[in-house]
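Please read the structure below before turning to the comments.
The values are calculated or read from the model by the stated rules, or taken from the named source; none is laboratory data. None of these values were measured; they are calculated from a predicted model. Every residue, glycine as well, gets a Cβ built from its backbone with ideal geometry; the counts of neighbours run over all protein chains shown. Surface accessibility is based on the protein's heavy atoms, side chains included, excluding ligands, DNA and RNA. Shrake-Rupley method; radii C 1.70, N 1.55, O 1.52, S 1.80 Å.
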Amino acid sequence: MADLSTVFTGIRFENPFMLASAPPTESESNIMRAYEAGWGGVVTKTIGLHPVVNVRGPKTKFLRADNAGTRLSMAKRPDSTLMASWNWELISDKPLDWWVGRLSAIKRAYPTKVLVASIMAGSGTDKELENWQVLTEAVQAEGVDAIELNFSCPHMDRVDMGANVGKDKVLCSVSTQAVKAVARVPVWVKLTPATANIVEEAEATFLGGADAISSSNTFPSLPLIDPETLDFEVNVDGYASSGGLGGPAILPQSLAKMAQMTQAFPDREFSGLGGISGFDQALSYFLLGCGTVQVATAAMLDHAIGPNVIQALTSGMTEFLDRNAERGWTSLADFRGLRRDRVVPHSRIARPEAAEYHGGYDEEAEGYATELARA
Ligand SMILES: Cc1cc2nc3c(=O)[nH]c(=O)nc-3n(C[C@H](O)[C@H](O)[C@H](O)COP(=O)(O)O)c2cc1C
C-alpha cells in the first residue's frame, strides 16, 4: 500500500507536499483552504518586524512563451505556455501582531497539518539579531511546528537582510545561531541561490545549528523590455528593479543548487523548491535527496492555493509508488536520494572514443593546478 506520509526534521507529514512562503500562504483563510485541499503543510508568507510597503501596481507577473514563434512576454494571450513568474513583492505587509493569535488558531483547527512560520530580520547589529529572537519566540509560542529563516528575499536594499544574509557565510552562521539559542522547534533556513558556491553558505548555516535547508528562492532577474513601448514590462513611472524569477524556468538551476548541497551533506535534511507544478518535478528533488518539497508559482495560478496542484502531486506519488511496488517501494524513504550520486565531474562522463580525457589536463597537474584539481 502506498504511504505518502513522511517524517522531516522530526515532524510527521501526511504527505511531503507544502505550499511555499508566498501569496498562497499570506492569510489564515488561504492556509486553512490549503489544508482542506490536501497540502501536507505550509510555510507562511515571511513575517518581519519592520514596516512593509509594497510598490505601486502589480507585484507579480507571469512570463509566457508563444507556442508557435519566439515571443516571450508577460502579456496575457492564448496559445502561450508559462515559463516563469516574476515578482518584486516584499515580505508580509501584515505586522507580527496580526499573525499572533491567527497562527495558534490555525494550528488548533488543523493539529495534524504542518505549520511552518517564515521569519526575517536584519543581521548587522545586536538589535537585529535580537529581532530574530523576538520573532522566533513569538511564533513558537503560537505552536508552529518549525521556523524557516528567510536568507533569500532577492529584493532587499539593506546589506544585512534577505538574500544579502544568504550571500555572507558569517551572517548565515550568526543569524542561525541567534535563532537556535532560543528555538524549541526545528529551524529550517531558506538560502538564496544567487551565490558562487552554495555549499559554503550551507556549511556555515549547518554550523550555526540549522536543522534543514530549503532551496531555492527566486533568482534575481529583470522584466523584459517591450519592443514597442521600450518600457520594462513591469515598471513604475518607467523604472524597474531587480525582482525574483520563479516557476518552470528555474527548475534546472534549482536542481543544480540542490544537488551540490545534498552531495556535500548527504546526511542532512533538505526541502526542495523551484519550478514544481506536478509530481515529475517533485520527483527530481526527492531523487536528489530532498525529504519535502514546496510550491509557489503553480499554486498561485490555480485558485490561489493550488487545489488541483496538490491533487496531482498526491495522485502522482500514489501512482508512482504503485508502479514501483514490485521493487518493494512503499514510501518516500524507499527512493529518496537514489540519484544523488549520479551527478559527477564532467571528466567522469563516458566518451564515445577510447581516447583519454583528463578534464583539460594533459599531464599530471602540478603547483596551483594540483590544488584546483583536488578541490
Ligand atoms: C509573489 C511571490 C512572493 C514570494 N514571497 C516570498 C516570501 O515572502 N518569503 C520567501 O521565503 N519566499 C517568497 N517567495 C519565493 C517562493 O517561496 C519560492 O521560493 C519561489 O517562488 C520558487 O518556487 P516556485 O518556482 O514554485 O515559484 C515568493 C515568490 C513569489 C512568486
Less than 18 Å from a label point 7 Å out along the Cα-to-Cβ axis of residue 104: which backbone N atoms in region 1-28 qualify, by residue?
28
Within a Cβ distance under 13 Å of residue 179, other residues only, what is the Lys/Arg minus Asp/Glu net charge?
-2
Which of these, 150, 217, 67, has the largest mean-square fluctuation under a Gaussian network model of the chain (Cα springs below 10 Å)?
67
Search the structure for amide H atoms under 5 Å from the amide H of residue 83, placed 1.01 Å from N in the peptide plane, and list their residues when 5 or more places away or on another chain.
63, 64, 65
Please report the antiparallel percentage of the DSSP beta bridges confined to the chain, to the nearest 5.
40 percent
Stretch residue 325-residue 53 to full length: gain in nm at 0.36 nm per residue minus the Cα-Cα span?
92.8 nm
Positive-end residue, region 1-111 charge dipole about Cα centroid, Cβ charges, pick of 10, 110, 30
30
Using just the helices of the chain, give the 222 nm mean residue ellipticity in deg cm²/dmol: DSSP H runs with n ≥ 4 each add -39,500 (n - 2.57), and the total is spread over all residues, rounded to 500.
-9000 deg cm²/dmol
Taking square-rooted eigenvalues a ≥ b ≥ c of the alpha carbon gyration tensor, is region 201-271 rounded, prolate or oblate, where a/c under 1.5 means rounded and, failing that, a/b exceeding b/c means prolate?
prolate
In the chain, taking the dipole from +1 charges on Lys and Arg beta carbons and -1 charges on Asp and Glu beta carbons about the Cα centre, the listed residue (274, 119, 155) farthest towards the positive end is 119
If you count only protein heavy atoms and use a 1.4 Å probe, how large is the accessible surface of residue 6, to the nearest 10 Å²?
20 Å²
Computed P(r) (all Cα pairs; the chain; 10 Å bins; percent):
5, 23, 32, 24, 12, 4, 0
Highest first, please rank the peptides 253-263, 55-65 by the mean number of other Cβ atoms sitting within 10 Å of their residues.
253-263, 55-65
Heavy-atom accessible area per residue, the chain, 1.4 Å probe: how many Å²?
47 Å²
Segments 180-187, 18-25, 197-204 sorted - mean Cβ within 10 Å per residue, highest first:
18-25, 197-204, 180-187
Using the Karplus curve 6.51 cos²θ - 1.76 cosθ + 1.60 with θ = phi - 60°, work out ³J(HN,Hα) for each residue of region 208-216 in order, rounded to whole Hz, and write x for Gly and Pro.
x, x, 4, 8, 7, 10, 9, 7, 10
Sort out for me the Cα centre separation of region 10-70 from region 77-134, rounded to whole Å.
9 Å
Can you work out ³J(HN,Hα) from phi for every residue in region 44-50, in order, using Karplus 6.51 cos²θ - 1.76 cosθ + 1.60 and θ = phi - 60°, giving whole Hz and x for Gly and Pro?
5, 3, 4, 9, x, 10, 8
Would you work out the charge dipole size for the chain about its Cα centre, treating the Cβ of every Lys and Arg as +1 and the Cβ of every Asp and Glu as -1, and quote it to the nearest 20 debye?
860 debye
Within the chain, what is the number of lysine pairs with alpha carbons under 21 Å apart, leaving out pairs fewer than eight places apart on the same chain?
24
Multiplying the sequence separation of residue 242 and residue 29 by 0.36 nm and subtracting their Cα-Cα distance, what value in nm do you get?
73.6 nm
Applying the span-like rule to the chain (DSSP H, Cα extent along axis at least 30 Å, Kyte-Doolittle mean at least 0.5) gives none
Judged on accessible area alone, 1.4 Å probe, highest first, 228, 233 line up as 228, 233
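Report, to the nearest whole %, how much of the accessible area of region 161-239 belongs to carbon and sulfur atoms, 1.4 Å probe, protein only.
54 percent
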Of 358, 346, which has the most accessible area with a 1.4 Å probe, and how do the rest follow in descending order?
346, 358
